[in-house]
Amino acid sequence: MADNSGTATADTASEHTEDGVRRRDFINIAAVSAAGVGGLAVVYPLVSQMAPSADVLAESTTEVDVAGIEPGQSIKAIFRKQPLFVKRLTAAEIADANSVPLSDLREPQTLAERTSEGNEDILITMGVCTHLGCVPLGAAEGENKGEYGGYFCPCHGSHYDTAGRIRKGPAPTNLEVPEYTFTSETTVVVG
Ligand code: FES
């Protein structure tokens, strides 16, 4: 009797804390909490690896000031590590682009579709030939603009017109127009 009672008393003392929570329960709760923290520690790096880094975010857009670009002039910028052409078209270049029947085009697109509404004189394209990726000529002063007055890729002879559309040569598509937004009358954010 005395032994049984003593054993029972010892077990009770070892399993209860002052606030009445059984010690074994506390150990279980502590283990679960540790597992929970461990789980978070594992998940967090995965989430942080999936989120773009600050470097990538900074590189993902390019701001261009078009105020200083005279009609007929282009500037070269860099967008996501690739050349970007920003050109202010002359009235004649706009008229030229608009006079081409869409049926003549390998990839039919109007100038309006390739520019921003209200800013049809600003043509923004990647400076990357859609054939094999050379940088076409025509953006810098004095460079060969090809047979259609836009850009010319000398690598294999692709000619682009004043709207950057492929007109002759092996390139399959028009020069790519990236996403961009005018954030003021003279500032464009590409990307
Ligand atoms: S890369 Fe431009 S024509 Fe081939």
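No lab work stands behind these numbers, since they all come straight from the coordinates. Small disclaimer: the values here were computed from a predicted structure and weren't measured. Using ideal geometry, Cβ is built from the backbone for each residue, glycine included, and neighbour counts are taken over all protein chains shown.
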Self-check item: For F79, residues with placed amide H under 5 Å, excluding near neighbours
Solution: L84
Quiz item: When the Karplus curve 6.51 cos²θ - 1.76 cosθ + 1.60 is applied with θ = phi - 60°, which whole-Hz ³J(HN,Hα) does each residue of region 138-143 get, with x for Gly and Pro?
Solution: x, 7, 9, 4, x, 6
Quiz prompt | C155-A95 pseudo-label distance in nm [points 7 Å out on the Cα-to-Cβ vector] | solution = 3.5 nm
Quiz item: Can you list the HN-Hα couplings for region 150-160, worked out from phi with the Karplus curve (6.51, -1.76, 1.60; θ = phi - 60°), rounded to whole Hz and with x for Gly and Pro?
Solution: x, 10, 10, 9, x, 4, 9, x, 9, 10, 10
Quiz item: Counting only residues 5 or more places away or on other chains, whose amide H sits under 5 Å from the amide H of V135 once H atoms are built in the peptide plane?
Solution: C129
Practice problem: Enumerate the amide H contacts of T162 below 5 Å, restricted to partners 5 or more residues apart or on another chain; note that Pro and chain-start residues carry no placed amide H. | Solution: G150
